[in-house]
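The values are calculated or read from the model by the stated rules, or taken from the named source; none is laboratory data. Note that this is a predicted model, so its numbers are computed, not measured. Every residue, glycine as well, gets a Cβ built from its backbone with ideal geometry; the counts of neighbours run over all protein chains shown.
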Amino acid sequence: MIVEDNPAPDSIRGLDERGAGSKDGAPTGKAPAQGRGRVNFLRRALLGTIVATAITVFILDRWVAATDIPSLSPPVSATVLDRDGALLRAYQVESGLWRLPVSVGDVDRDYIALLLAYEDKRFFSHGGVDLRAMLRAAWSSAWAGRIVAGGSTITMQVARLLEDAPTRSVRAKVRQVRLALALERRLGKNAILDLYLTLAPFGGNIEGVRAAALTWFGKEPGRLTPAQGALLVALPQSPEGRRPDRHAGRAKAARDRVLARAVGAGALPPGDARAARTEAVPTARRGFPQHAAHLADRVKVTSEAVRTTLDATVQAELETLLRERARALGPAVSAAMIVADHGTGEIVARVGSSDLMDARRKGFVDMSRAVRSPGSTLKPLIFGLAFEQGLAHPETLIDDRPMVFGRYAPLNFDRQWYGTVSVRKALHLSLNIPAVAALEGVGPSRLVARMRRAGARPVLQDAPGLAIALGGLGMTLHDLVQVYAAIARGGEGVVLREVAAITPEQERAFGAPHPRSLPVEDGEGGEISGASAPVLSAEAAWQVGDILAGAPVPGAAARETLAFKTGTSYGHRDAWAVGFDGRHVIGVWLGRPDGAPSPGILGLETAAPVLFEALARVKARPDPLPPAPRSVLRLPNSELPQPLRRFRTRSAPVARDVAPAIAFPPDGATLAWETGDPLALKVGGGAPPFRWLVDGAPLSADPFARQVSMIPGGPGFVSIAVIDASGKAARARIRVE
């Protein structure tokens, strides 16, 4: 069966065919005109809406595109970091703010989750303005009759922080919205978060989450507890009204509200929130790190992080050590120390003074760079050169007795003579006469040239002379560590460096040529700072290290594998100790920055214990020293080649013609004397042992001492005589009253 569609009514057919109809089939034209009008109106309205929208979007786009955007690189604190990125020191920006550089990657991820849950849930989906949040905030505020919620997104807050402008007026709010939209076009979401983390206020002069974490918790923001993260989320809402050090109760309440909202948003488990609420809020600000302050002042560059080679943990330990030791030595005594890896040249720790803020100790003076007399610390290099040139061997015998070198007649520190000793013992006892004799053979100019080849910059008043063997020149602690680093490396020099990567701007910040500067001829065919010419031969360097490793250790210090040498400058103005093991070299200086004498401060008794304690704080056990090169001659004196058995000076004769003289009391003197008090007797010149006679009777006294004492039998005349080892005598007759 075929079913056909019902035919349409005539009226409909008429409408289709003629476009109009009436109830009797006659055309009227009324109904079709109204239909067309409505359709046309809707079409025009839709078209108008589209055009208006397009125009609005175009205008809005041009309006946003033309936005005047402030600097997106706000000034941040200059920072100096250790080798691993730990903060050593930070500096305020010009306005006095602490605003440390920080990015999303530096901050605890849980803190970011708390921040977004509380401040801007749809941060990653909106275009800078969250209309839903703004409408909800407007409705809530209208219902309550006051502002109870804000609709600002994090991007809008960044816009406000960049311009540091109020947003209470409609015009200011519109400007904030416009800038937020422009920021979303210009920057990615992480870059906007970086700006918020850098600029958000946290009370007082603290801006940015990194400065806030250091101020309130004493830690970097990379590892925060939920309680700490929630507090840092709450503080920017009212940085002064919720400052923990002033309003701890308000700060805690605000923190707890953040925790509650985080639980509701699923950003924090309820158990973690309950535990976080029990954590106390901080009630005091913490200071920013000030480690390696002198170094930081030299290398810092504004708004740029400088990474050094230092180890922040070791640096802090040694700063504490020097502060404690200096305080025990007196109110004006300071200290300095350098620890370096002599394999790489990297400085691990550098302490310029014992207490930066102590004005009595002049803590602002960097004594690691101060030019001072090095005392006896150059003797190892002197003997090393003698070994290298075949003038001596560690077991070579050398005289320690009165000698005259031209017009120079040096004395030992203790004013005693030890006769004939081995070079090894002479260096152990730090005897002056053998060192000067060795330098006379080596040549002072050669010594200075090798120091320069090692990277040191000695300061001399005149042409090099023999007095430099005993500290008659100026050097810094850095210079000495450079020299000893070369000895520790088998004679090869190394550039000690303290900045991991140096930009031209940082190079200028040093204020002096950096060791990487162009090499300078040292006067002996080599170059200063990293030249190919060695400071010492490998054999001589090992022999020096072997001698220093066997030196007597101070006090109760443990016998460690540490090659070290001490020194005390003239007048007890400087006490030094420099040593090395198989990896590190350490230099210590003690004294007064103003150059005044410090009685009782000695290299062996005062500086060396600090050296050994520093070694213990740097590492658990010393690294072993390297083995001897195969070419080293290791024989007793009796088996050495004949020229090496005894050291012969080239031009300095033994002062056999220097007769003894009674230096005190002078002949013919009249002395006031209290019965029972001892009377001092002093002898100059001559050669020990000495025999003293008082009124013809032998005096019981140390035969090697140049100062002894006696008690007169009573008032009257006293005859005194002294006879030296060669039989020469001196006499004096005095009167005692």
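Brief remarks follow.
- Picking from residues in the range 138-166 that are under 19 Å from residue 236 (Cα atoms) and of a type in the set (Gly, Ala, Ser), the one that is modelled with the lowest pLDDT is 149.
- When residue 648 is tested against (1) in a loop (DSSP other than H, G, I, E, B); (2) in contact (Cβ under 8 Å) with a residue 12 or more places away in the chain; (3) closer than 20 Å to residue 433 by Cα, only condition (2) is not met.
- Inter-residue pairs, beta-carbon under 9 Å, first in contact (Cβ under 8 Å) with a residue 60 or more places away in the chain and among the small types (Gly, Ala, Ser) and in the range 604-623, second surrounded by fewer than 21 Cβ atoms within 10 Å (Cβ to Cβ) and not in a loop (DSSP other than H, G, I, E, B), 6+ apart: 614/317; 614/321
- Qualifying residues in the range 716-728 (those that are within 18 Å of residue 665 (Cα to Cα) and surrounded by 12 or more Cβ atoms within 10 Å (Cβ to Cβ)) - the one nearest to the chain's Cα centre (by Cα): 724
- Subset tally (residues that are among the β-branched types (Val, Ile, Thr) and over 28 Å from the mean Cα position of the chain (by Cα)) for the range 172-220: 3
- Highlighted here are the strands (runs of 3 or more DSSP E) found entirely within the range 654-737 that include at least 3 residues which are of a type outside the set (S, T, N, Q) and at pLDDT 85 or above: 661-664, 679-684, 691-694, 716-723, 729-736.
- Conditions (1) out of contact with any Lys or Arg (no Cβ under 8 Å at 6 or more places or on another chain); (2) in a helix (DSSP H, G or I); number of the one not met by residue 314: (1)
- Residue in the range 229-243 that is crowded, with 24+ Cβ neighbours inside 10 Å, of a type in the set (D, E, K, R), at negative phi and part of a loop (DSSP other than H, G, I, E, B) present: yes
- When the range 76-108 is filtered for residues that are of a type in the set (A, V, I, L, M, F, W, C), under 12 Å from the mean Cα position of the chain (by Cα) and part of a strand (DSSP E or B), the ones remaining, listed by number, are 80, 81, 87, 88, 90.
- Restricting 413, 383 to residues that are of a type in the set (Phe, Trp, Tyr), within 24 Å of residue 541 (Cα to Cα) and touching a residue at least 24 places away in the same chain (Cβ under 8 Å) narrows the list to 383.
- Identity of the residue in the range 167-220, in a loop (DSSP other than H, G, I, E, B) and crowded, with 20+ Cβ neighbours inside 10 Å, that ends up modelled with the lowest pLDDT: 203
- Flag for residue 296 being aliphatic (A, V, I, L, M) and either buried (at least 21 other Cβ atoms within 10 Å of the Cβ) or in contact (Cβ under 8 Å) with a residue 12 or more places away in the chain (or both): yes
- Top-ranked residue of the range 392-415 - restricted to ones that are in a loop (DSSP other than H, G, I, E, B) and modelled with pLDDT of 95 or more, ranked as nearest to residue 448 (Cα to Cα): 392
- Odd one out for residue 223, checked against (1) closer than 25 Å to residue 98 by Cα; (2) buried (at least 23 other Cβ atoms within 10 Å of the Cβ): (2)
- Residue match in the range 86-107 (condition: of a type outside the set (Val, Ile, Thr), at pLDDT below 65 and surrounded by 11 or more Cβ atoms within 10 Å (Cβ to Cβ)): no
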